[in-house]
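The values are calculated or read from the model by the stated rules, or taken from the named source; none is laboratory data. Just so it is clear, the structure is predicted and the values come from calculations on it, not from any experiment. Ideal geometry is used to build each Cβ from the backbone, glycine not excepted, and the neighbour counts take in all protein chains shown.
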Amino acid sequence: MHLRAYVDRFGDPRFGVIVDGRLLTGGQLEKRGRLARSVNTHLGISHYLGIDEDWVGDVRRATKRATKARARLIDPAERIPAPALDDYLTEKIVCVGLNYADHVAEGGRAAPERPLLFAKFPSAMIGDGEPIVRPEGTHALDLEVELGVVIGRTARRVRVEDAQDHVAGYVVVNDVSARDWQGTAPALREGERGDGQWLRAKGSDTFLPVGSDFVTADELDPRDGLRLRSWRIPGSGPDAGTEQLMQDGNTRDLIHDVPALVSFISRHITLEPGDLVATGTPSGVGVFREPPVFLEPGDRVRCEIEGIGRVENPVVDWSQDPRPA
């Protein structure tokens, strides 16, 4: 099932279901689909991941009833997108570095024998259309399209063969990175050094755009191959407004696949419902281009995964940060 988070006419976040490319709104699910009263589409996807394993079944049954009753479907563009996950309900964001062979090769590094883990904070999460803020002090902002795995059941020391049972679904994420803070050589100016770790470089506020689409795990299998792409749309210069394809990869090329990642992480870190695992990025990032290509205020960046959806965000300077200090 393909769920879509959006903002309704009253400014409240809700979720609905994509049916044949159209949106069955939360209101129609509740009215024509007679959705169970215990499932309130105003509460958001993350809420139900933590309290009710069968809520997806309730929504699926309501969708069938609403479709049979010829409920009105609308163009998804008629609603403002909202993040598929709620940052105040997602406790952990575990990210994986160097997990596509082509990305490892473009950086001239050896593939890690085991998953290379780092973390972001929920404060890094933003939704579709919200601005990525380039912090003061960095000049090398980069993009990374990634498959986000959303946990549906508590996972602690799970076996690889059981790990998929703990996956609720998938989202599109953008692992925004300050390459100079990260210490990546092509991003460093003379005399510059990285932080020695990735916390600031990858965990700063707004550094994790999350799409509004949530696709349940029974709908697709990343091992079958999902195409991942990212684009930079310059805001100035001779190519202003022209989409520039940056990354074009496939989840079939993951070094450590989703079950392997969930099992490995759960051996050391308990994963709870609503937690997010960002599984790594394919080649084509800006820092390893010749010359390097970095995101500038005024640019837009779009990340897209076949069968799931996209997330697109403008880039602004820290001095233009719309959030209150």
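Give me a count of the residues in the range 63-114 that are in a strand (DSSP E or B) and small (Gly, Ala, Ser). First the steps, then the outcome.
Residues of the range 63-114 that are in a strand (DSSP E or B), as a first pass: 74, 80-81, 93-97, 100.
Next cut, small (Gly, Ala, Ser) only: 97.
Summing the residues that are in a strand (DSSP E or B) and small (Gly, Ala, Ser) in the range 63-114 gives 1.
Any idea which of 149, 104, 133 is more than 30 Å from residue 25 (Cβ to Cβ), touching a strand residue (DSSP E or B) at 6+ places or on another chain (Cβ under 7 Å) and not aromatic (Phe, Trp, Tyr)?
On the way: 149 fails: more than 30 Å from residue 25 (Cβ to Cβ); 104 fails: touching a strand residue (DSSP E or B) at 6+ places or on another chain (Cβ under 7 Å).
Of the residues listed, the single one that is more than 30 Å from residue 25 (Cβ to Cβ), touching a strand residue (DSSP E or B) at 6+ places or on another chain (Cβ under 7 Å) and not aromatic (Phe, Trp, Tyr) is 133.
Among 311, 258, 285, which is buried (at least 24 other Cβ atoms within 10 Å of the Cβ), closer than 25 Å to residue 89 by Cα and modelled with pLDDT of 95 or more?
Working: 258 fails: buried (at least 24 other Cβ atoms within 10 Å of the Cβ); 285 fails: closer than 25 Å to residue 89 by Cα.
Only one candidate passes the filter, namely 311.
Just one of 60, 4, 34 is over 30 Å from residue 288 (Cα atoms), part of a loop (DSSP other than H, G, I, E, B) and modelled with pLDDT of 95 or more; which is it? Working first, answer last.
Values: 60 fails: part of a loop (DSSP other than H, G, I, E, B); 4 fails: part of a loop (DSSP other than H, G, I, E, B).
Unique residue meeting the criteria: 34.
Checking residue 14 against (1) over 29 Å from residue 177 (Cα atoms); (2) in contact with an Asp or Glu (Cβ under 9 Å, 6 or more places away or on another chain); (3) part of a loop (DSSP other than H, G, I, E, B), only one condition comes out false. Which one?
(3)
Please go through the range 1-40 and pick out each residue that is in contact with a strand residue (DSSP E or B) (Cβ under 6 Å, 6 or more places away or on another chain) and without any contact (Cβ under 8 Å) to a residue 24 or more places away in the chain.
Within the range 1-40, just 26 meets the criteria.
Exactly one condition in (1) out of contact with any Phe, Trp or Tyr (no Cβ under 8 Å at 6 or more places or on another chain); (2) over 24 Å from residue 220 (Cα atoms) is false for residue 13; which is it?
Condition not satisfied by residue 13: (1).
Show the residue pairs meeting these rules: Cβ distance below 8 Å; 6+ apart or different chains; first residue within the range 233-245 and loosely packed, with under 11 Cβ neighbours inside 10 Å and modelled with pLDDT under 95; second residue assigned to a loop (DSSP other than H, G, I, E, B) and among the polar types (S, T, N, Q).
Hits for this filter: zero, empty list.
So residue 153 fits all but one of (1) among the basic types (Lys, Arg); (2) surrounded by fewer than 22 Cβ atoms within 10 Å (Cβ to Cβ); (3) under 15 Å from the mean Cα position of the chain (by Cα); what number is the exception?
The single condition residue 153 does not satisfy is (3).
In the set 154, 138, which member is in the same structural domain as residue 180 (by TED's automatic domain parsing), out of contact with any helix residue (DSSP H, G or I) (no Cβ under 6 Å at 6 or more places or on another chain) and hydroxyl-bearing (Ser, Thr, Tyr)?
Details: 138 fails: out of contact with any helix residue (DSSP H, G or I) (no Cβ under 6 Å at 6 or more places or on another chain).
After applying the criteria, what remains is 154.
Of the residues 88, 100, which is at pLDDT below 95, over 23 Å from residue 193 (Cβ atoms) and of a type in the set (Ser, Thr, Tyr)?
Numbers: 100 fails: at pLDDT below 95.
Step by step, each of 88, 100 is checked, and only 88 is at pLDDT below 95, over 23 Å from residue 193 (Cβ atoms) and of a type in the set (Ser, Thr, Tyr).
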